[in-house]
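Student: Pasting a structure below so you can have a look.
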């Protein structure tokens with residue numbers, strides 16, 4: 001967290017590194033070159049892979065490069081409102097998230113995010129990560145003031161440990177909602 005221009009700022013999402021985007025883009029180009037030298041026959045089903053695999057890698061590389069050049073996503077806490085913005089760019093964040101009144105913040109929670117991915121061989125891998133979520137009022141769902149399932153999640157701040165995630169949630173609750181900090185005995 002940093003203090004800047006009468007606001008408190010915290011990095012909500014880190015930008016991917018430049019090398020990740022360059023490597024992904026390069027894999028797409030090198031795959032194209034390798035596959036075209038290996039396949040010399042006419043229209044086979046392999047040509048679908050020659051087109052789709054490099055497109056997927058190049059697309060992922062361009063996406064990662066774009067995210068890198070936008071910079072980290074910051075959450076700024078001003079006296080009367082919250083603001084989400086990228087470090088180096090004004091693009092990529094919905095206009096509604098650039099000025100969120102404190103009264104629209106419904107809940108700030110620390111919880112585990114469970115994600116599941118399936119490999120090509122059918123094995124499932126489950127990963128658990130600690131996040132602090134900032135939930136705000138959803139004008140399309142009037143019940144979202146009382147039901148957190150209907151709220152909009154404007155930021156998920158990742159943490160390496162549960163203790164750090166709880167500390168971030170407590171600090172944000174104090175700064176935004178005015179909730180007293182937990183005592184040291186808790």
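Student: Answer yes or no: is there a residue in the stretch 117-130 that is touching a residue at least 40 places away in the same chain (Cβ under 8 Å) and not assigned by TED's automatic domain parsing to the domain that holds residue 75.
Tutor: no
Student: Filter the stretch 113-163 down to the residues that are over 17 Å from the mean Cα position of the chain (by Cα), at pLDDT below 90 and outside any loop (DSSP other than H, G, I, E, B) and list them by number.
Tutor: Answer for the stretch 113-163, where residues must be over 17 Å from the mean Cα position of the chain (by Cα), at pLDDT below 90 and outside any loop (DSSP other than H, G, I, E, B): 117, 118, 124, 125, 126, 142, 143, 144, 145, 148, 149, 150.
Student: Here's a check for you: in the stretch 93-112, which residue that is part of a strand (DSSP E or B) and in contact with a helix residue (DSSP H, G or I) (Cβ under 9 Å, 6 or more places away or on another chain) is farthest from residue 138 (Cα to Cα)?
Tutor: Residue satisfying both the conditions and the ranking: 112.
Student: Every residue in the stretch 47-86 that is touching a strand residue (DSSP E or B) at 6+ places or on another chain (Cβ under 6 Å) and outside any strand (DSSP E or B), please.
Tutor: Answer for the stretch 47-86, where residues must be touching a strand residue (DSSP E or B) at 6+ places or on another chain (Cβ under 6 Å) and outside any strand (DSSP E or B): 70, 71, 72, 78.
Student: Please work out which one of (1) under 18 Å from residue 13 (Cβ atoms); (2) out of contact with any helix residue (DSSP H, G or I) (no Cβ under 8 Å at 6 or more places or on another chain); (3) exposed (fewer than 15 other Cβ atoms within 10 Å of the Cβ) is the condition residue 169 fails and give its number.
Tutor: All conditions are met except number (3).
Student: Could you go through the stretch 53-61 and let me know if any residue there is within 16 Å of the chain's Cα centre (by Cα) and at pLDDT 80 or above. So that I can check it myself, show each step before the final result.
Tutor: Filtering the stretch 53-61 for residues within 16 Å of the chain's Cα centre (by Cα) gives 60.
Add one more test, that the residue is at pLDDT 80 or above, and what stays is 60.
The answer is yes; a qualifying residue exists.
Student: Restricting attention to the stretch 69-116, which residues are in contact (Cβ under 8 Å) with a residue 40 or more places away in the chain and loosely packed, with under 10 Cβ neighbours inside 10 Å?
Tutor: 79
The values are calculated or read from the model by the stated rules, or taken from the named source; none is laboratory data. Note that the structure is a prediction, hence the values are computed from the model and not measured. Positions of Cβ are backbone-derived with ideal geometry, glycine not excepted, and every protein chain shown enters the neighbour counts.
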